[in-house]
Amino acid sequence: MFIRTALAIATVSLISACASSPMMKSFDQSGLPTAVQVPAGNKVFWETTGVGDITYECRAKANMAGQFEWVFAGPDAALNDASGKQVGKYFGPPATWAGMDGVSVTATQLAVSPGGAGNIPLQLVKANPASGNGTLTGTTYIQRVNTMGGVAPASTCASGNAGAKQIVKYQAGYIFWRAM
């Protein structure tokens, strides 16, 4: 009798706790440009915020003798959950997203769309198969949204500083999707 009563009380407590906790809302991509929206048939399974650096390198422009430009050399960012706790990492090249369990994915860029003045573009990538079983297993798409900063340096890039690297701070939301 005591065990049955304790079990009933625990069940009621659990149901009450679930009823009073807010339901996690799925990421609403309706405000995003069509080019970077994930196709129907996929659902969000992980929302993170990448906070870190993007490295740019001063290189000669392809097919433009004597001209130079800052070229994206790679990211290095922590992926944080809504409370600010690190739950993964984003690094490259190649662009790689990894969970704390060591499972990672790379991806192929499908589309970009302007992220606003001074911000890197929004982006949609199609994920390659994960490196194992874990957090990122089954990832189909990754969106980069809500970008802040990260654009190429405004400083001079010329033959005199070819090969120089500059690190720029940035932040962006990374939304991970799986097939339904």
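A compact table of results
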read-out: Test: residue in region 138-149 that is closer than 30 Å to Gln67 by Cα, modelled with pLDDT of 95 or more and of a type in the set (Gly, Ala, Ser); value: yes
read-out: Set Ala164, Ala172: member being in contact (Cβ under 8 Å) with a residue 60 or more places away in the chain, over 18 Å from Pro39 (Cβ atoms), touching a Gly at 6+ places or on another chain (Cβ under 9 Å) and surrounded by 13 or more Cβ atoms within 10 Å (Cβ to Cβ); value: Ala172
read-out: Residue within region 71-78 that is more than 16 Å from the chain's Cα centre (by Cα) and either of a type outside the set (A, V, I, L, M, F, W, C) or under 18 Å from Gly50 (Cβ atoms) (or both) present; value: yes
read-out: Residues located in region 27-50, provided they are assigned to a loop (DSSP other than H, G, I, E, B), small (Gly, Ala, Ser) and either farther than 15 Å from Gly115 by Cβ or modelled with pLDDT of 95 or more (or both); value: Ser30, Ala40, Gly41
read-out: Test for Gln143: is it closer than 20 Å to Gln37 by Cα and touching a residue at least 40 places away in the same chain (Cβ under 8 Å); value: yes
read-out: Residue in region 98-120 that is assigned to a strand (DSSP E or B), in contact (Cβ under 8 Å) with a residue 40 or more places away in the chain and more than 30 Å from Phe68 (Cβ to Cβ) present; value: no
read-out: Per-region count, region 122-158, residues closer than 23 Å to Asp53 by Cβ, β-branched (Val, Ile, Thr) and part of a strand (DSSP E or B); value: 4
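The values are calculated or read from the model by the stated rules, or taken from the named source; none is laboratory data. Values in this document were obtained by computation on a predicted structure and should not be read as measured data. Counting neighbours? That spans all protein chains shown, and the Cβs are built from the backbone with ideal geometry, glycine included.
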